[in-house]
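Okay, structure first, notes after.
The values are calculated or read from the model by the stated rules, or taken from the named source; none is laboratory data. Worth saying up front: this structure is predicted, and the values here are computed from it rather than measured. Note that each Cβ is placed from the backbone with ideal geometry, even for glycine, and that neighbours are counted across all protein chains shown. For accessibility, only protein heavy atoms count, side chains too; no ligands or nucleic acids. Shrake-Rupley method; radii C 1.70, N 1.55, O 1.52, S 1.80 Å.
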Amino acid sequence: HGMGSYLNVHEGPFGVGGGAVGADKQFASHAAKLRYLNEIRRGHYVSDEPGFYQDGSFGFRIESDLVAVVAETKYAYGTRAWLKFEYLTPLPFSRSLTDPSLLLEDEVAWTDDFHSQCWATVAPLLTAANLDDAADAARARQWLWRETRPLQEEACPPVPPAV
């Protein structure tokens, strides 16, 4: 869903999908048409929330905030720029909830690359000066280092020193 500027988390100007509401009901509503027929444009912010729910048993959802940016493509096609999404939430996926054996090779590579970006973005901020406590900074760096290691890595090397 879109992310609003007035604390309305489902604010437009666009929407993706409609949850459990069928297309016939969505398009019977003028408000739904306005939301679900608008294009996503460069600079639009969106929340991506893939998940799975087993009725009466369990569920999970990974929620990330994204922004639409211009994509460089191999071939120029059409007159409009192609878009892609960039993550705005540089936090790693939980290793304890990730089973790499269930992922394709390119999914493992994507996750490892994303985790590397998380480390590069967040680690420089985890300093005693920023957190007002050297012990908190060290614990936070240790956690981030452990969670952003490559999925196939069996032993976690020591945390690099803060710069």
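Treating r as the C-beta distance of Ala120 and Ala155 and R0 as 25 Å, the FRET efficiency rounds to 0.70.
Starting from a Cα-only point model with no solvent, please compute log10 I(q)/I(0) by Debye for the chain at q = 0.11, 0.19 1/Å. One equal scatterer on each Cα of the chain leads to -0.67, -1.28. Simple spin-label estimate for Leu102 and Lys25 gives 2.9 nm between the two label positions (7 Å along the Cα-to-Cβ direction from each Cα). Relative to the current alpha-carbon distance between Asp48 and Asp65, full extension at 0.36 nm per residue lengthens the span by 5.5 nm.
For the stretch 84-121, the residues whose amide N sits under 16 Å from a probe point set 7 Å from the Cα of Glu72 along the beta carbon direction are 84-86.
Within the stretch 16-102, the chymotrypsin sites (Phe, Trp or Tyr not before Pro) that combine a DSSP coil assignment with at most 13 other C-beta atoms in a 10 angstrom radius are Phe27, Tyr75, Tyr77, Trp82. Calculated FRET efficiency, Asp55 to Ala134, Cβ-Cβ distance, R0 = 41 Å: about 0.30 to the nearest 0.05.
Expressed as a whole percent, the accessible area of the chain that falls on carbon and sulfur atoms is 56 (1.4 Å probe). In this view, the solvent-accessible surface of Leu104, computed with a 1.4 Å probe and all protein chains in place, comes to about 110 Å².
Listed values for the stretch 22-29 are Karplus-derived 3J(HN,Hα) couplings in whole Hz (6.51 cos²θ - 1.76 cosθ + 1.60, θ = phi - 60°), namely x, 4, 4, 6, 4, 7, 7, 9, and x replaces Gly and Pro. Excluding same-chain neighbours fewer than eight residues apart, the lysines reachable from Lys84 by a Cα-Cα span under 25 Å are Lys33, Lys74.
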